[in-house]
Amino acid sequence: MQAFFCDSFELPLPAGHRFPMAKYRRLRETVAAGRHRTGVSLRVPAAASDEDLLRVHHRGYLDRVVRGTLKRPEVRRIGFPWSPQMVERSRRSVGGTLAACRAALGDGVGVNLAGGTHHAFADHGEGYCVFNDIAVAARALLADDAVRRVLVVDLDVHQGNGTAHIFRDDSRVFTLSMHGRRNFPARKQRSDLDLALEDGTGNEEYLALLDAALERALAVSGADLVIYVAGADPYAGDRLGRLALTFEGLEERDRRVFARCRREGTPVAVVMGGGYAREIDEIVRIHAATVHCAVASAR
């Protein structure tokens, strides 16, 4: 199984900033330590090109990001200060998802150890998301005739509002989002299938809803590829999550996604999504378990 990483481009963030950028480096180190046992092949992805990005993003927005001419409100909305590293890392993160999708079509499963930037819209970024890697990868594969239909299974605790908006009129991409009803973003977009969960939702209820949602989404979408946003933030210990899933519940979530897709014969490309637990080790543990489940499903 191929996994892609871009932690050489960590962003210089202000002290006390709550986005856990170090999780990506730590996750790569954890996966690398076990790669001889698991057979994971770690690769640095190519950066997404302007051509790739312009299949989704407006030219004016892309130019402002690349040239560093974003207006102050745009930078605040993204949540990161602009820097050349921010641009390079954002391109590489998108490139990682595109590479993971192509690997999945060949091997059954591919993983991006970053990605999941589902809050980015065509004309702006927000919520720590600059470019929408999910949308760019889906549009690239559709343009290349590598797939006819794509299913986005977004299990980050925050609604994939940017992804939903981008594909609102595109019947080739079915968007499924399971998220906290009272969580960010305050203004939700309309996915093809939204499940808005109440605060405190735990393992049993979550998994039952997931089973039904997967059955419906796979049947309706007729997808040739699933892009799975495996957020770590439904975890009970997440500072921003407000749900109550345990480590075991999240691992079972992953197993069910991979098992169902495997039964349908549908390749899966995984992106990591969010995670904001106080202890980075807890975030890394959740993401690493997702990678292990992906490896097991590919055997």
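The values are calculated or read from the model by the stated rules, or taken from the named source; none is laboratory data. Fair warning: this is a prediction, and the values are worked out from it, not measured in the lab. When we count neighbours, we look across all protein chains shown, and the Cβ atoms used for this are built from the backbone with ideal geometry, even at glycine. Each accessible area value is taken on the protein alone, full model and side chains, heavy atoms only, with ligands, DNA and RNA left out. Shrake-Rupley method; radii C 1.70, N 1.55, O 1.52, S 1.80 Å.
Points worth noting:
- For region 97-240, a crude dipole built from +1 on the beta carbon of Lys and Arg and -1 on the beta carbon of Asp and Glu, taken about the Cα centre, is about 320 debye to the nearest 20.
- Descending principal axes extents, region 94-248, alpha-carbon based, whole Å: 42, 32, 28
- Spin-label model, Leu54/Leu207: points 7 Å from Cα along the beta carbon direction are separated by 4.8 nm.
- Ratio of Rg to Rh over region 49-115 (Cα coordinates, Kirkwood Rh, two decimals): 1.05
- Among the listed values (1) 67, 48, 39; (2) 48, 48, 31; (3) 47, 43, 42, the one computed from these coordinates for Cα extents along the principal axes in Å is (3).
- The phi-based Karplus calculation (6.51 cos²θ - 1.76 cosθ + 1.60; θ = phi - 60°) puts the 3J(HN,Hα) values of region 290-299 at 4, 4, 4, 5, 4, 4, 4, 6, 7, 7 Hz, whole numbers, x for Gly and Pro.
- Kirkwood-type hydrodynamic radius, region 189-299: 14.4 Å, calculated from all non-identical alpha-carbon pairs.
- For region 17-56, the fraction of 1.4 Å probe accessible surface lying on carbon and sulfur atoms is 44 percent.
- 20 °C / 1.002 mPa s Stokes-Einstein diffusion coefficient of region 161-248, Kirkwood radius on C-alpha pairs, µm²/s: 154
- In order along region 185-201, phi translates into HN-Hα couplings of x, 4, 9, 7, 9, 9, 7, 5, 8, 10, 10, 9, 9, 6, 3, x, 4 Hz, rounded to whole numbers, per the Karplus curve 6.51 cos²θ - 1.76 cosθ + 1.60 with θ = phi - 60° and x for Gly and Pro.
- Gained length - Asp281 relative to Asp170, 0.36 nm times residue gap less alpha-carbon distance: 36.1 nm
- Solvent-accessible surface of region 193-243, taken per residue with a 1.4 Å probe and all protein chains present: 37 Å².
- Under 14 Å from the Val66 label point (7 Å along Cα→beta-carbon), backbone N, region 92-122: 92
- Ligands, DNA and RNA are left out, and with a 1.4 angstrom probe the accessible area of region 24-78 is 61 Å² per residue.
- Every Cα-Cα pair of region 1-149 was included, and the share exceeding 21 Å stands at 43 percent.
- Mean Cβ neighbour count within 10 Å, used as a protection proxy, ranking 185-198, 88-101 highest first: 88-101, 185-198
- Dipole of the chain, positive direction: furthest Cα of Ala164, Ser191, Ser90, with charges on the beta-carbon: Ser90
- Residue (of Leu250, Pro267, Ala289) at the positive-pole extreme of region 230-299, dipole from beta-carbon charges: Pro267
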